[in-house]
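The values are calculated or read from the model by the stated rules, or taken from the named source; none is laboratory data. Because the structure is predicted, anything quoted here is derived from the model rather than measured. Cβ coordinates were reconstructed from backbone atoms using ideal geometry, including for glycine residues, and neighbour counts include every protein chain displayed. To get the accessible areas, we keep the full protein, side chains included, count just its heavy atoms, and leave off ligands, DNA and RNA. Shrake-Rupley method; radii C 1.70, N 1.55, O 1.52, S 1.80 Å.
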Amino acid sequence: SGVTYSGLALLLAAIAFAPPRPGRGPSATIRVILLLLSPLPAAPLAGRLHARNRHAAGYDIERLARSFPSLREHVIPASGPRARATIDFARPGAVGALNAALIAVDYGIRGFALPDGRLCPAVPGRADYLHVIADLLAADNGGGVPRGPAVRGLDIGVGASCIYPLLGHAEYGWSFVASDVDERSISSA
């Protein structure tokens, strides 16, 4: 059914540590775990992202390139009155530069770099997961999104990018514990 052993272990851990909720349904912890075990449909960037996602209106490549010089070499200028500058998304170097620019310019995280051959996360999609998790946590917090280091996340399989902890801290001030089995990923993260 698509559930991995690590996903099953995470689900069991969530059930074990979730506080009892007599008559109130599953806790936010369990709902978050179930969300992460369910695949999200692929969606175009603009108009389909969470309302709090900084990229819900698409990328402003020109603004990013002005603030992040290594993106400039990958920019394809706008070619019409309604067109916007873009990059060649089929080129890994361009995608890596765009994501590094998003992380630096929009989230204030400096020095982001991935070792060669490692997954380059799509920042808007990763941010979307965090916004949905924030909404689920808000349901157990009187409707307000909880912020600050008292909210603790567990990222199993953090990868070399450490993307969820970086974005979760930048966006909401959350703290994270992360693990991975790959030594290169751990040293990069």
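Values for this structure:
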item: Hits in region 143-189 - residues which are out of contact with any helix residue (DSSP H, G or I) (no Cβ under 7 Å at 6 or more places or on another chain), open to solvent by less than 20 Å² (accessible area, probe 1.4 Å) and in contact (Cβ under 8 Å) with a residue 60 or more places away in the chain; result: Ser185
item: Residues (of a type in the set (A, V, I, L, M, F, W, C) and surrounded by fewer than 18 Cβ atoms within 10 Å (Cβ to Cβ)) located in region 118-131; result: Leu119, Cys120, Ala122
item: The lone exception for Gly108 - which of (1) open to solvent by 40 Å² or more (accessible area, probe 1.4 Å); (2) under 17 Å from Tyr59 (Cα atoms); (3) without any contact (Cβ under 8 Å) to a residue 60 or more places away in the chain it fails; result: (3)
item: Of the criteria (1) at pLDDT below 55; (2) open to solvent by 30 Å² or more (accessible area, probe 1.4 Å); (3) not aliphatic (A, V, I, L, M), which one Pro69 fails; result: (1)
item: Residue that is open to solvent by 30 Å² or more (accessible area, probe 1.4 Å) and under 18 Å from Leu119 (Cβ atoms), where the choices are Gly80, Gly93; result: Gly93
item: Flag for Pro115 being touching a Phe, Trp or Tyr at 6+ places or on another chain (Cβ under 9 Å) and open to solvent by less than 40 Å² (accessible area, probe 1.4 Å); result: no
item: Positions within region 161-189 being within 17 Å of Arg110 (Cα to Cα), part of a loop (DSSP other than H, G, I, E, B) and at pLDDT 90 or above, in sequence order; result: Gly173
